[in-house]
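**Q** Got a structure here, written out as structure tokens. Questions coming.
The values are calculated or read from the model by the stated rules, or taken from the named source; none is laboratory data. Everything numeric in this text was worked out from a predicted model, so none of it was measured. Because the Cβ atoms are built from the backbone with ideal geometry, glycine has one as well, and the counts that use them run over all protein chains shown. The protein model used for the area step is the full one, side chains on, heavy atoms only, and it has no ligands, DNA or RNA in it. Shrake-Rupley method; radii C 1.70, N 1.55, O 1.52, S 1.80 Å.
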Amino acid sequence: DTEVTQTPKHLVMGMTNKKSLKCEQHMGHRAMYWYKQKAKKPPELMFVYSYEKLSINESVPSRFSPECPNSSLLNLHLHALQPEDSALYLCASSHAASGLAYEQYFGPGTRLTVT
Amino acid sequence: GQQVMQIPQYQHVQEGEDFTTYCNSSTTLSNIQWYKQRPGGHPVFLIQLVKSGEVKKQKRLTFQFGEAKKNSSLHITATQTTDVGTYFCRRGGSNYKLTFGKGTLLTVNP
């Protein structure tokens, strides 16, 4: 099984709402990632979890709060977002995050619209 | 992180023509990965190159890693409409700050 699943597929939220994005993989990968992708742009790394610990936060505003409850699950909690946060949010996983770069498996993404 | 430079940004071809996208770095790369993202889709891993001068083939796709490990290319022979999408290169390394190139959007006229 080389699948990474993400829910929901689409999300519309107001600037005062609190919502969460969910990601799951069952490949035994120990590294999981959140990316943000704007239209016609490459994915931008937001967070990296390695062995369920946050190892990288690429200066992401605190209105985005990641969580890794276990090695298969990754959440992204959203609060008080801005319209410019509207984007495709991609989750990815890989065998490990350290050493040589392993290939990443991406989920289908959550398309987020902030109104 | 250091971003790799990818050219061209866009490429439009007639079906059956060849296509090449290039990925360049000012510093030596540990390895390079290539991904394809179809319109409305998500990035899908294609290949990883590690060795200097490495050449790998996947059907009509040929991937090369430069001798100095500072550049890489993806060549598609006789494009088909199914090749449409954005092709990204991504640098590997010993830290977590792995970054994607800006991508080359390929469109194919049937």
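**Q** Based on the Kirkwood radius over alpha-carbon pairs, what value in µm²/s does the Stokes-Einstein equation return for the translational diffusion coefficient of the protein assembly as shown at 37 °C and 0.692 mPa s?
**A** In µm²/s, the coefficient is 182.
**Q** Modelled label-to-label distance, B:K51 and A:K53, 7 Å Cα→beta-carbon offset: nm?
**A** Computed distance between label sites B:K51 and A:K53 equals 3.6 nm.
**Q** Work out the charge dipole of the protein assembly as shown with +1 on the Cβ of Lys and Arg and -1 on the Cβ of Asp and Glu about the Cα centre, then indicate which of A:Q82, A:V4, B:G92 is farthest towards its positive end.
**A** Projecting each Cα onto the dipole axis, the largest value belongs to A:Q82.
**Q** Shape of chain A from its Cα gyration tensor (a ≥ b ≥ c, root eigenvalues): rounded if a/c is under 1.5, otherwise prolate when a/b > b/c, or oblate?
**A** Prolate shape, in that a/c is at least 1.5 and a/b is the bigger ratio.
**Q** Can you list the residues in the range A:31-50 whose accessible area drops by at least 40 Å² when all protein chains are present, compared with the chain alone? Use a 1.4 Å probe, heavy atoms only.
**A** Residues shielded by partner chains are A:P42, A:P43.
**Q** Could I ask something else about it? Please report, as a whole percent, how much of the solvent-accessible surface of the protein assembly as shown comes from carbon and sulfur atoms (probe radius 1.4 Å).
**A** 50
**Q** Using a Gaussian network for chain B with springs between C-alpha atoms less than 10 Å apart, which of these wobbles most: B:G16, B:G40, B:G66?
**A** Largest GNM mean-square fluctuation: B:G40.
**Q** Can you tell me the length gained on complete extension of the stretch A:H26 to A:K41, counting 0.36 nm per residue apart and subtracting the Cα distance?
**A** Result for the pair: 2.6 nm of gain on full extension.
**Q** Could you calculate the FRET efficiency of A:L73 with A:T115 from 1/(1 + (r/R0)^6), where r is the beta carbon distance between them and R0 is 30 Å, rounded to 0.05?
**A** Calculated transfer efficiency: 0.60.
**Q** Would you kindly enumerate the cysteines in chain A that have no other Cys beta-carbon under 4.7 Å from their beta-carbon?
**A** Isolated Cys, chain A: A:C68.
**Q** Between A:S72, A:S59, A:S20, which gets the highest mean-square fluctuation from a Gaussian network model of chain A, Cα cutoff 10 Å?
**A** Result for chain A, Cα springs under 10 Å: A:S59 fluctuates most.
**Q** Counting pairs of alpha carbon atoms under 8 Å apart in space and at least six apart in sequence, what relative contact order in percent does chain A give?
**A** 37
**Q** Mind checking which lysines have their Cα closer than 23 Å to the Cα of B:K56? Skip sequence neighbours fewer than 8 apart in that chain.
**A** B:K36, B:K69, B:K70, B:K102
**Q** Dipole of chain B, Cα-centred, from +1 at each Lys and Arg C-beta and -1 at each Asp and Glu C-beta, to the nearest 20 debye?
**A** 440
**Q** Turning to a different aspect of this structure: Which residue, B:F63, B:F45, B:F88, tops the fluctuation ranking in a GNM of chain B built on C-alpha contacts under 10 Å?
**A** Ranking B:F63, B:F45, B:F88 by mean-square fluctuation puts B:F45 first.
**Q** How long is chain B along each principal axis, judged by its Cα atoms, biggest number first, in Å?
**A** 42, 27, 20
**Q** With only Lys, Arg, Asp and Glu charged, each at its Cβ (+1 for the first two, -1 for the last two), find how big the charge dipole of the protein assembly as shown is about the Cα centre; round to the nearest 20 debye.
**A** 220
**Q** Report the paramagnetic label zone for B:T107: residues of the range B:2-32 whose backbone N is under 15 Å from a point 7 Å from Cα along the Cα-to-Cβ axis.
**A** B:9-15
**Q** Probe radius 1.4 Å, ligands and nucleic acids left out: can you give me the accessible area buried at the B-A interface, summed over both chains, in Å² to the nearest hundred?
**A** Protein heavy atoms only, the B-A interface buries about 1800 Å².
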